[in-house]
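**Q** Please read through the structure below; I'll follow up with questions.
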Number of protein chains: 2
Amino acid sequence: MRIIIIGGVAGGASAAAKARRTNEAADIIMFERGPFVSFANCGLPYYVGNTIADRNELLLQTPESFWNRFRVEVKVGHEVLRINRSQKHVKVKNLNTGAVFSEPYDKLILAPGAGAIVPPLSGIHAKNIFTVKTVPDSDAIKSFITEHLTKQAVVVGGGFIGLETAEALMNLKLDVTVVEMANQILLPFDQDMAVLVSAHLREKGIHLIEGDGIRAFHEQDDLAYETELQSGQRLPMDLAILSIGVRPELKLAREAELQIGDAGGIVVNDHQQTSDPDIYAAGDAVEVRHLVTGKPTRIPLAGPANKQGRVAGANAAGGDLHFPGALGTAIVETMGIIAAKTGLSENDARAHGFDYFVSVTHPLDHTGYYPGAEQLHVKLTVEQKTGKLLGAQIIGEQGVDKRIDVIATALTAGLTVEDLEQLDLAYAPQFNSAKGPVIMAGFVAANTLRGEVQTITNEELQHRLTNNPNLQLLDVRNPSEFAEQHLPQAHLIPIDSLREHLHELDPQKETVVYCRVGLRGYLAARILLQHGFEQVYNLTGGILSYPLLSENKKTPNS
Amino acid sequence: MRIIIIGGVAGGASAAAKARRTNEAADIIMFERGPFVSFANCGLPYYVGNTIADRNELLLQTPESFWNRFRVEVKVGHEVLRINRSQKHVKVKNLNTGAVFSEPYDKLILAPGAGAIVPPLSGIHAKNIFTVKTVPDSDAIKSFITEHLTKQAVVVGGGFIGLETAEALMNLKLDVTVVEMANQILLPFDQDMAVLVSAHLREKGIHLIEGDGIRAFHEQDDLAYETELQSGQRLPMDLAILSIGVRPELKLAREAELQIGDAGGIVVNDHQQTSDPDIYAAGDAVEVRHLVTGKPTRIPLAGPANKQGRVAGANAAGGDLHFPGALGTAIVETMGIIAAKTGLSENDARAHGFDYFVSVTHPLDHTGYYPGAEQLHVKLTVEQKTGKLLGAQIIGEQGVDKRIDVIATALTAGLTVEDLEQLDLAYAPQFNSAKGPVIMAGFVAANTLRGEVQTITNEELQHRLTNNPNLQLLDVRNPSEFAEQHLPQAHLIPIDSLREHLHELDPQKETVVYCRVGLRGYLAARILLQHGFEQVYNLTGGILSYPLLSENKKTPNS
């Protein structure tokens, strides 16, 4: 049996190792177009920024190590030009010699990955404009910075790679501007969460331009010296990084007439088998079943790629593994702030037509009495009728990764927010609180689910403040908090004296209460409801979820 | 309606707040024997060791704050002497004035907690022997150390509190000896895991005596100057901490003839209701349904206590919440090493008659190419037939809390190890690997479950090496690793040349392969199985799981 694998990074390398463990007798050949196999592409921004000092650290395997350990024949610098499905062979070009040859296969595994998107803009091919997708890309950026006086950098695209690379360039003492065409960075996140990151980045000295795209790069002697935005704004620059996104490499699959899905990837079943039963596929080029929506989507991330590769490798070699799908769980750290997501954001839930509610909390990552606690911002998306988790977004400076993984696990298992509040998680004061962030998020969402309190999001509140002049807005924080900042029209009655001042309020009016994070507001809502107030809403997440949004709206281009 | 709560720490305080949120109209009175309510008892060792500098940090609520926020009348320094169930009142003694009075109740919530065990040993009441259960306990330890020349400390009991307190005393530059009567510290853990902690503690300069108990303290002028062990060994001492364990406070419940269960706690249903429907109970004194065994047990930890209190408070006040049970998830950090557990250890699984297997892995907590990665030690207990998780133990220097919480969540949801290997967890190089520790543990255990490889534990291997002289023991690491340390009788064939040296082995013999952590051993086992070897076992966790055990056995008292 002869297995050919196209692509030697995450999906391909995993497939090769698993195929060999499954089948000692198979011939396994892996073709990789680039000069390296199994390199750490997620480490590239950290290598650019010198957090990873030794380039060799990025090279996890070599053709030699693959041969020695797994008897997999690895051919780097070899591009597969075409798949001949009827005769079951591939046409391969040795990029070093130019020689073209055919290799027969019994089973084929496609792991071509995705390439960085390079838009067809004037000046885009200047020598100081880079992507961050391969080891040679990173080498080129580092060489350029070493060899040229480089002060001002423009990062195009405020997604995960863009923000990691922005940090890397800040580490190198460059002046960094991130330009994002959408109205917010980190598009997979809801805007009220993304603004927490953008505010942090501005505070740390990154220039952030949202809602504006690149029109052109102006160049001289093959070097771009300025980028012109669609708004007309011009930014002087010594270097630019393109991190707009990735596009799956579908050329081979299309030419071979393998089925391509509506989500724009190679269609595979849960055995990672394509529309041709002898061809498997894995990684950034395939479609994945989203475990919450049940629909096919694309999730170009290392975790699914590795798991899919393992499944494809096992099955191509005669085994029987399956890949059930993924949640799109992802995490990014930039300039000391961490943002993570799993499942559906509020935007996603709305777009997919779910009947949902959201619940926002701002707990400390561990007990306040143990030194070093930091605030987390947690937003849950919950199915209205069943209380089932649909997704979560978490932002903070530490402890984010733990909570998103716990919720991703709960999400996989189909748990409800009432299950969440009962989780028995590990508690010691430096790691968690007895009612830690996940359990607290569960409490708050489950209280809403059970109807103990009705909540309102900042977005809904803004809308209602505009449309309902009779809305009674109650701030239950203390006077010093109120003096510092409060919502317009808000009436102050501190929670501890609310019971004595109920006569100041009209029980017939629709009432929205808020505090700093939502906890005192919850108690206030309970008090009002039990004193005959008919329509009471607690602002989910409190005022902490509110002002950043408005601040950000005031200054979209600063 | 009148609700009386006995005990004002974790369970009682949670009950009071939730009762109020549930019912604005109830009178709520809380009696606490000690001088403080709602204090951070899990913070006490850190206050002793000056990690928490300000004592006020430990006092989360005061009687005044409870009244102001929740209109709960808190009476500290009040001991409830008796419950009169037929007349529905409690007899209370004001410990400051000596006055005794009765208070009627409609609903009663018992949250008496558990007291530190003080064994009846000669000299036990010396003034330099302390427990660490209350704020006054901690005050007394700190005062004693300030006022006396204190150099040598003995900590009696190597459980969670004992090891946290040992660290605290090390922080204060004392010479610390931990004496543990059992053959290992951290009894909830299997010995092969606990030895990782004891080796670390010895390396950090803590004297550790296992398998020996205290016979007596020898005192002069009310101060113990020496402790005598059951072995006859004598330890000079300036101070001793008793951290032997806790005993539930059952006096009131017994006298009121509430049902006490076989696990030694107050019996409650899932509404935290005792055998008297008007009396609820929560916290360290109650029995809890273990979510894996389904049996009642006691779990005297803050997490369950807080959740039970919330449920008891809601239900006593007319609400309807339930508490499904717990897993005994727990974590301890001491001298830079972290040990965490959820569900059943191997010992637990055996004791409860489960048909189980274990799976040991030693992954890095994040990618090796990103700076600062540390090794984790992960042991899963898995149900043999179904592959369902039964429990996990994890030890390491960082990232332990995250993985135990993910597995606790999986355990709650009844996931199998095949579900574990498919989890979509957050990956960036500083937080995780694409095939991170939980997923890797899932891969390895699922490979075993599916029969891709048979594994053997270090314990079984030791047994078999003694009983089967024909056993073929194969080390597949490289020669330098072998030279450093290997198992007696092991034959060396490095994995990369195994395929060429199969003739050195006898395919008829029972063969055990091992490497450093189990990964190369797995590939070796797959190679042997596919070359006609009939009985092949991979040492789960590799040699890294093995030698510590034997080292430790050699020197139980050093």
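**Q** Taking only the stretch B:435-460 into account, find how many residues are facing chain A (nearest Cβ under 7 Å) and within 18 Å of A:LEU411 (Cα to Cα).
**A** Looking only at that region, the number is 0.
**Q** Within the stretch B:378-388, which residues are part of a strand (DSSP E or B) and surrounded by fewer than 24 Cβ atoms within 10 Å (Cβ to Cβ)?
**A** Within the stretch B:378-388, B:GLU383, B:LYS388 meet the criteria.
**Q** OK, next. Just to verify a result, which residue in the stretch A:479-504, among those that are of a type in the set (A, V, I, L, M, F, W, C) and within 15 Å of B:GLU24 (Cβ to Cβ), is farthest from the chain's Cα centre (by Cα)?
**A** At the first step, the residues of the stretch A:479-504 found to be of a type in the set (A, V, I, L, M, F, W, C) are A:482-483, A:487, A:490, A:492-493, A:495, A:498, A:502.
Retained after the next criterion (residues that are within 15 Å of B:GLU24 (Cβ to Cβ)): A:495, A:498, A:502.
Details: A:ILE495: 38, A:LEU498: 42, A:LEU502: 45 Å.
Among those residues, the one meeting the criterion is A:LEU502.
**Q** Taking the stretch A:403-418, which residues are assigned to a loop (DSSP other than H, G, I, E, B) and at the interface with chain B (Cβ under 7 Å from one of its Cβ atoms)?
**A** Hits for the stretch A:403-418 are A:ALA413, A:LEU415.
**Q** Something else about it: Looking at the stretch A:38-70 only, could you name the residues that are out of contact with any strand residue (DSSP E or B) (no Cβ under 7 Å at 6 or more places or on another chain) and under 30 Å from B:ARG499 (Cα atoms)? Give the steps one after another, and end with the answer.
**A** If we filter the stretch A:38-70 for residues that are out of contact with any strand residue (DSSP E or B) (no Cβ under 7 Å at 6 or more places or on another chain), which is where we start, we get A:38, A:40-57, A:61-62, A:64-65, A:68-70.
The answer is A:SER38, A:ALA40, A:ASN56, A:GLU57, A:GLN61, A:THR62, A:GLU64, A:SER65, A:ASN68, A:ARG69, A:PHE70.
**Q** Among the numbered criteria (1) within 30 Å of B:ARG526 (Cβ to Cβ); (2) in contact (Cβ under 8 Å) with a residue 12 or more places away in the chain; (3) of a type outside the set (D, E, K, R), which one does A:GLY261 miss?
**A** Only one criterion is unmet by A:GLY261, namely (1).
**Q** Next question, about the same structure. So which residues in the stretch B:507-539 are of a type in the set (S, T, N, Q), closer than 14 Å to B:GLY451 by Cα and surrounded by 18 or more Cβ atoms within 10 Å (Cβ to Cβ)?
**A** Answer for the stretch B:507-539, where residues must be of a type in the set (S, T, N, Q), closer than 14 Å to B:GLY451 by Cα and surrounded by 18 or more Cβ atoms within 10 Å (Cβ to Cβ): just B:ASN538.
**Q** Take the residues of the stretch A:465-497 that are within 14 Å of chain B (Cβ to nearest Cβ), in contact with a Leu (Cβ under 8 Å, 6 or more places away or on another chain) and not charged (D, E, K, R): which is farthest from A:ALA525 (Cα to Cα)?
**A** Going through the qualifying residues, I end up with A:ILE493.
**Q** Restricting to the stretch A:8-28, count the residues that are of a type in the set (A, V, I, L, M), buried (at least 20 other Cβ atoms within 10 Å of the Cβ) and more than 10 Å from chain B (Cβ to nearest Cβ).
**A** Summing the residues that are of a type in the set (A, V, I, L, M), buried (at least 20 other Cβ atoms within 10 Å of the Cβ) and more than 10 Å from chain B (Cβ to nearest Cβ) in the stretch A:8-28 gives 6.
The rows are residues; the columns are (1) touching a residue at least 60 places away in the same chain (Cβ under 8 Å); (2) surrounded by 24 or more Cβ atoms within 10 Å (Cβ to Cβ); (3) more than 12 Å from every other protein chain (Cβ to nearest Cβ).
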position: B:PRO324; (1), (2), (3): no, no, no
position: B:THR329; (1), (2), (3): yes, yes, no
position: B:VAL360; (1), (2), (3): yes, yes, yes
position: B:ASP365; (1), (2), (3): yes, no, no
position: B:GLY372; (1), (2), (3): no, no, no
position: B:LEU390; (1), (2), (3): yes, yes, yes
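**Q** A further question follows. Please determine whether any residue of the stretch A:341-356 is facing chain B (nearest Cβ under 8 Å), surrounded by 20 or more Cβ atoms within 10 Å (Cβ to Cβ), without any contact (Cβ under 8 Å) to a residue 24 or more places away in the chain and within 30 Å of A:GLN273 (Cα to Cα).
**A** Checked against the condition, which is being facing chain B (nearest Cβ under 8 Å), surrounded by 20 or more Cβ atoms within 10 Å (Cβ to Cβ), without any contact (Cβ under 8 Å) to a residue 24 or more places away in the chain and within 30 Å of A:GLN273 (Cα to Cα), the stretch A:341-356 yields no hits at all.
**Q** Residues of the stretch B:419-434 being under 11 Å from B:ALA373 (Cβ atoms) and either polar (S, T, N, Q) or more than 7 Å from chain A (Cβ to nearest Cβ) (or both), which ones?
**A** Selection gives B:GLN430, B:ASN432, B:SER433.
**Q** Would you confirm, using the coordinates I've provided, whether B:ARG477 is within 22 Å of B:LYS379 (Cβ to Cβ), touching a Cys at 6+ places or on another chain (Cβ under 7 Å) and either surrounded by fewer than 16 Cβ atoms within 10 Å (Cβ to Cβ) or assigned by TED's automatic domain parsing to the domain that holds B:ARG526 (or both)?
**A** yes
**Q** Regarding A:ALA413, is this residue out of contact with any Ser or Thr (no Cβ under 7 Å at 6 or more places or on another chain) and under 20 Å from B:CYS42 (Cβ atoms)?
**A** No.
**Q** Sort through B:ALA373, B:ALA351, B:ALA428, B:ALA392 and tell me the only one that's at pLDDT 95 or above and in contact with a Cys (Cβ under 7 Å, 6 or more places away or on another chain). Before you say what the answer is, go through the steps one by one.
**A** Values: B:ALA373 fails: in contact with a Cys (Cβ under 7 Å, 6 or more places away or on another chain); B:ALA351 fails: in contact with a Cys (Cβ under 7 Å, 6 or more places away or on another chain); B:ALA392 fails: in contact with a Cys (Cβ under 7 Å, 6 or more places away or on another chain).
Among B:ALA373, B:ALA351, B:ALA428, B:ALA392, only B:ALA428 is at pLDDT 95 or above and in contact with a Cys (Cβ under 7 Å, 6 or more places away or on another chain).
**Q** Go through the stretch B:266-310 and give me each residue that's away from chain A (no Cβ under 12 Å), surrounded by fewer than 22 Cβ atoms within 10 Å (Cβ to Cβ) and in contact (Cβ under 8 Å) with a residue 60 or more places away in the chain.
**A** B:ASP276, B:ASP278, B:PRO300
The values are calculated or read from the model by the stated rules, or taken from the named source; none is laboratory data. What you see is a predicted model; the values in this text were computed from it and never measured. With ideal geometry, Cβ positions are generated from the backbone for all residues, glycine too; neighbour counts draw on all protein chains shown.
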